[in-house]
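Notes to accompany the following structure.
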Protein chains: 2
Amino acid sequence: MTRSKVSPDGRIPDRDVAAKLVIVMVGLPARGKSYITKKLQRYLSWQQHRSRIFNVGNRRRIATGRKASVHPKLAPEPAHLDPPVEAASILLQGVRQADGSTRYLEPTALDLNEDGQKNQTAKEGMEDDNDQSAKFFDPKNEKAAAVREQVAMETLDELLDYLLLEGGHVGIFDATNSTIKRRQNIVQRIREREPKLGILFIESICKDPQVLEANMRLKLSGPDYRDKDPKKSLEDFKARVAAYESAYEPLGAYEEENDLQYIQMIDVGKKLVQNRLKGFLSGGISTYLTSFNLSPRQIWITRHGQSVDNELERGHCYGQALYSFITYKRQEWLIDQKDKLSKASFPPLPGDNTPPYPESNGDLDEKNFCVWTSMLRRSVETAEYFDADDDYDVKHWEMLNELNSGRLEGMTYAEIERDHPEEFKKRAEDKLNYIYPGVGGEGYLQVISRLRDMVREIERITDHVLIIGHRSVCRVLMAYFMHLTREDITDMDVPLGMLYAIEPKPYGIEFHAYRYNEEQRWFDELPNYRPQMVGGGLI
Amino acid sequence: MTRSKVSPDGRIPDRDVAAKLVIVMVGLPARGKSYITKKLQRYLSWQQHRSRIFNVGNRRRIATGRKASVHPKLAPEPAHLDPPVEAASILLQGVRQADGSTRYLEPTALDLNEDGQKNQTAKEGMEDDNDQSAKFFDPKNEKAAAVREQVAMETLDELLDYLLLEGGHVGIFDATNSTIKRRQNIVQRIREREPKLGILFIESICKDPQVLEANMRLKLSGPDYRDKDPKKSLEDFKARVAAYESAYEPLGAYEEENDLQYIQMIDVGKKLVQNRLKGFLSGGISTYLTSFNLSPRQIWITRHGQSVDNELERGHCYGQALYSFITYKRQEWLIDQKDKLSKASFPPLPGDNTPPYPESNGDLDEKNFCVWTSMLRRSVETAEYFDADDDYDVKHWEMLNELNSGRLEGMTYAEIERDHPEEFKKRAEDKLNYIYPGVGGEGYLQVISRLRDMVREIERITDHVLIIGHRSVCRVLMAYFMHLTREDITDMDVPLGMLYAIEPKPYGIEFHAYRYNEEQRWFDELPNYRPQMVGGGLI
């Protein structure tokens, strides 16, 4: 952590305009722009940067009097939560599935801001220009072009207001921005408002037919093509993309000659070009984007087995049950994936639920399973059964260690309240910013900072992973995947014996929760479980 | 830190072949390949990866019976050190300058291996193909081509022996490798020996005329063109490069189609392309290379002011003297640089000592000066005078904190020996691997690991920087810049009151040392100072 205005580890202060960043997306439809945008916003927000997506398509739909489209899989549910112990607010929109899992959708522009407030009910599918005819996007249609330009600039102004007047740190401008002319206008408008603001272009290009097919598969199951003839839909969509392609100018010489920062992603994570990146934030974003891969896999999170009162035996039982259950689930997942892939067709027929991943059957068999623990004994020991099995790759990480309580280490909260009432009070007032006194003492911001590399590593690998962590570490990791607000990070209820399964999907994550059944030495699924706030908020 | 075979933070164990890496350099002469190679090897070695450069040019000079060339600035001195307190071994070759400074040269292939042993006296200039006529490199000269190919493959075999038989982790194959055919042969040979070995191509391309001029400036002051007519030399060198260019095939479609990892650097740090990077090591190398910049600047390192026995007053005096001295030196540096630039000509005339940097006068004036301290009071307070001056940008970093001694924190070495003789003994036996017991306890490997981001940040910025650190932190940072062996890191003498100035140069670093003169409240330069081993090795 640093205390400074431009800092790799800390937050960007409101007054430091030069450290703020406008991210301008570039790319044709069905190139995963929105996927990148949403994931990036979630990452930035988790890293304590106030960030928001500004989507031109949504604004245009309103401007042209059209209702924003709704992806059937993303249909918003009433936002009521399961009765929580106390009020819990979850930023990701949970959609319950017939199988008891919950799909948490990435937040959408104009829909939710980084503080979790609902802005508008307008929702979008996976692409900003989904719902308007190809004619509207024909570069020869001058009137439409003027409307497009005006709406784009209005959206950009909103973004700039957010950064300059409302305390935002990073604004993401989500549109195709596919011509040099448009990008010139954007740069000019930003510099007119504030010449010091950082500008970073991020372009997504897909060349790999498998990646393109996966993107189109998602699109064809979307609102515009639902219940329509798959072949005709595919042709129609391709015509739509062609309208853009005719005028498309990728990032390159123009930006390079004008010393503009850019990142060009080719086939999501396979190839990446970065140009004239300046500043720690742009560098960090590039490193994060580099780590992306579209490999289907599961991320499991749990805490160590019981170790209170030296209940070693109970801890061992938990480790054993965990090993058996995960091994069962791993096999089940593989069979399920193969089954779906074997039934796949393209374009997808009705009922085709092929996972939209550009990966083949063969790769699934070779998928490793990593088990990561902290360096602390209770976490290491919970992994002992995995350690004895060559089909698991067990590692122990220092950065997964529990939040270090400095000189209060080893004390219960009750003892701290009794013996160090001042510290107890300070912590209760602001758990996120509180730092434990004494050598090595940490706070949640330190844990968030040290887990940044861990999250990049999780994103980078294509293997399944089980993380056997501790309360604060699980909270912070869950906060990343579930897009918790910064206030909720410190209060999420992550009891011993809970096991969470997260499966990254192009539209967000699929989430399952299981509870340890000590009697049966197995895990029971908790259908439609949502993370809850812990009682009292002091733990 | 992790304990595992493939680990982001730890070392690569000898047996883990799949985690080892062959780095294959690609690029025309005068594209800074050797600069990149040497810096990368120094970084990898500092990060505890056993790594070595294998240079084809040097081997060829021996094969063709020619003596390897010696750059006049790099002429090896007898390797005697200043009488040290105890024996000290420094990997960088120090060359004393008339002005009392010392030039430390990056280690060269065949010259020094990663353990600091001298291999051969052969030295090279900045480029492997410096000393042979353009005819030898003409692609139409078949006999020469056969010799070149044979020497290249022999060198590659040496590299593979190093990785597979001698416990090396990373071998860097330094040659132009400028055709697809050659690169195919390389890949084939590596896979024949061990299909699991990682292969990473790194290409350096220069398009910016200023970068090219800087590279050629260095070349023209080298052995082949010394005391020759500058204009003719430039023409001759350009003809030599043209011989390569005729057959040059940059990295691209071939490598992409064959799923080969590569990093392409364009104009050192301005633009970077990365393709299909796999594994943490390749990712880390890419992040490190991204941070490179050629901006001239100074890096200052010192410890905090006296704080023993609450000698606060002495600490304040040190902070004040440091501020005055640095401010003076900063001004002096600026005048000196401008003076050299104003006298510059290209091609360089005899006596032209223009620093070979592609930067103009204007940028020098805008150069910031960062002052970085730890979060500990004695470090923060030493920076107080800088903090009061708007011309300095002061930051406080947690990662600069002193090595955490866990539950032995605050004890003197004598007290540890008396009260914890077991710990004292363990530490004395292996200071590098020793970890202090108790919560938050660290060892040198942890400090090296947490300073990785700091070094990348130092490399990334173009500003001057003064680091006010602590003993272990200064040792580890100095070890990076001075290329200390891993054993020497923990024993380097960094007394309070010493101030080190490091100026990165294309051929290595320029190093100055100063000692605090308490009476005069100023600093005295120690001419030809070399880091020494601390007496007894226990501190």
Evaluate segment A:428-435: report whether one residue or more is in the same structural domain as A:N368 (by the TED database) and open to solvent by 10 Å² or more (accessible area, probe 1.4 Å). no
Quick test for you: out of B:Q320, B:Q306, pick the one residue that is at pLDDT 75 or above and open to solvent by less than 70 Å² (accessible area, probe 1.4 Å). B:Q306
(1) aromatic (F, W, Y); (2) under 30 Å from B:P437 (Cβ atoms); (3) in contact (Cβ under 8 Å) with a residue 40 or more places away in the chain: which one isn't true of A:Y480, the others all being true? (2)
Pick from segment B:270-293 the residues that are at pLDDT below 90 and more than 19 Å from A:S282 (Cα to Cα): which of them is least open to solvent (accessible area, probe 1.4 Å)? B:G279
What residue, of B:D430, B:D419, is more than 14 Å from chain A (Cβ to nearest Cβ), out of contact with any helix residue (DSSP H, G or I) (no Cβ under 7 Å at 6 or more places or on another chain), closer than 27 Å to A:W397 by Cα and not small (G, A, S)? B:D430
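The rows are residues; the columns are (1) surrounded by 19 or more Cβ atoms within 10 Å (Cβ to Cβ); (2) modelled with pLDDT under 80; (3) in a strand (DSSP E or B); (4) away from chain B (no Cβ under 14 Å).
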position: A:P8; (1), (2), (3), (4): yes, yes, no, no
position: A:I23; (1), (2), (3), (4): yes, no, yes, yes
position: A:P29; (1), (2), (3), (4): yes, no, no, yes
position: A:Y35; (1), (2), (3), (4): yes, no, no, yes
position: A:K38; (1), (2), (3), (4): yes, no, no, yes
position: A:S45; (1), (2), (3), (4): yes, no, no, yes
position: A:R59; (1), (2), (3), (4): yes, yes, no, yes
Residues that are modelled with pLDDT under 85 and closer than 20 Å to A:S204 by Cα: does segment A:137-160 have at least one? yes
Read through the list (1) among the small types (G, A, S); (2) open to solvent by 40 Å² or more (accessible area, probe 1.4 Å); (3) touching a helix residue (DSSP H, G or I) at 6+ places or on another chain (Cβ under 7 Å), then give the number of the only condition that A:S374 fails. (2)
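Going residue by residue through segment B:171-193, is there one that turns out to be under 18 Å from B:S345 (Cβ atoms), assigned to a helix (DSSP H, G or I) and among the basic types (K, R)? It would help to see each step written out before you state the result.
If we filter segment B:171-193 for residues that are under 18 Å from B:S345 (Cβ atoms), which is where we start, we get none.
Checking segment B:171-193: not a single residue is under 18 Å from B:S345 (Cβ atoms), assigned to a helix (DSSP H, G or I) and among the basic types (K, R).
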Considering residues of segment B:388-410 that are surrounded by fewer than 16 Cβ atoms within 10 Å (Cβ to Cβ) and at pLDDT 90 or above only, the residue nearest to the other protein chains (Cβ to nearest Cβ): B:D390
Among the helices (runs of 4 or more DSSP H) confined wholly to segment A:227-305, which include 1 or more residues that are within 14 Å of chain B (Cβ to nearest Cβ) and over 30 Å from A:R521 (Cβ atoms)? A:253-257, A:279-290
Starting from segment A:149-171, take each residue that is in contact (Cβ under 8 Å) with a residue 60 or more places away in the chain and list its partners that are open to solvent by 10 Å² or more (accessible area, probe 1.4 Å) and of a type in the set (D, E), counting only C-beta distances under 7 angstrom and pairs at least six apart or across chains. A:L164/A:E194; A:G167/A:D14
Go through segment A:227-269 and give me each residue that's touching a strand residue (DSSP E or B) at 6+ places or on another chain (Cβ under 7 Å) and open to solvent by 30 Å² or more (accessible area, probe 1.4 Å). A:P250, A:E256
How many residues does segment A:501-513 contain that are part of a strand (DSSP E or B) and open to solvent by 10 Å² or more (accessible area, probe 1.4 Å)? 5
Are there any pairs, at least 6 apart or on different chains, whose C-beta atoms fall under 8 Å, with the first in segment A:325-350 and assigned by the TED database to the domain that holds A:K238 and part of a loop (DSSP other than H, G, I, E, B) and the second among the acidic types (D, E) and open to solvent by less than 70 Å² (accessible area, probe 1.4 Å), and if so, which? none
What pairs come out if I take residues in segment B:383-405 that are without any contact (Cβ under 8 Å) to a residue 12 or more places away in the chain and closer than 27 Å to A:V439 by Cα and pair them with residues that are charged (D, E, K, R) and outside any helix (DSSP H, G or I) whose C-beta lies under 9 Å away, six or more apart or interchain? none
Residues satisfying the stated conditions in segment A:139-157, i.e. closer than 16 Å to A:N55 by Cβ and either outside the structural domain of A:V187 (by the TED database) or of a type in the set (K, R) (or both): A:R148
Taking segment A:378-387, which residues are crowded, with 18+ Cβ neighbours inside 10 Å and more than 14 Å from chain B (Cβ to nearest Cβ)? A:R378, A:E381, A:T382, A:Y385
Identify the residue in segment B:411-426 that is surrounded by 15 or more Cβ atoms within 10 Å (Cβ to Cβ) and in contact (Cβ under 8 Å) with a residue 12 or more places away in the chain and, among all such residues, is nearest to the chain's Cα centre (by Cα). B:E423
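The values are calculated or read from the model by the stated rules, or taken from the named source; none is laboratory data. These numbers come from a predicted model, not from an experiment. Here Cβ is always computed from backbone atoms with ideal geometry, including for glycine, and neighbour counts include all displayed protein chains. Keep in mind that these areas ignore ligands, DNA and RNA; they rest on the heavy atoms of the full protein, side chains included. Shrake-Rupley method; radii C 1.70, N 1.55, O 1.52, S 1.80 Å.
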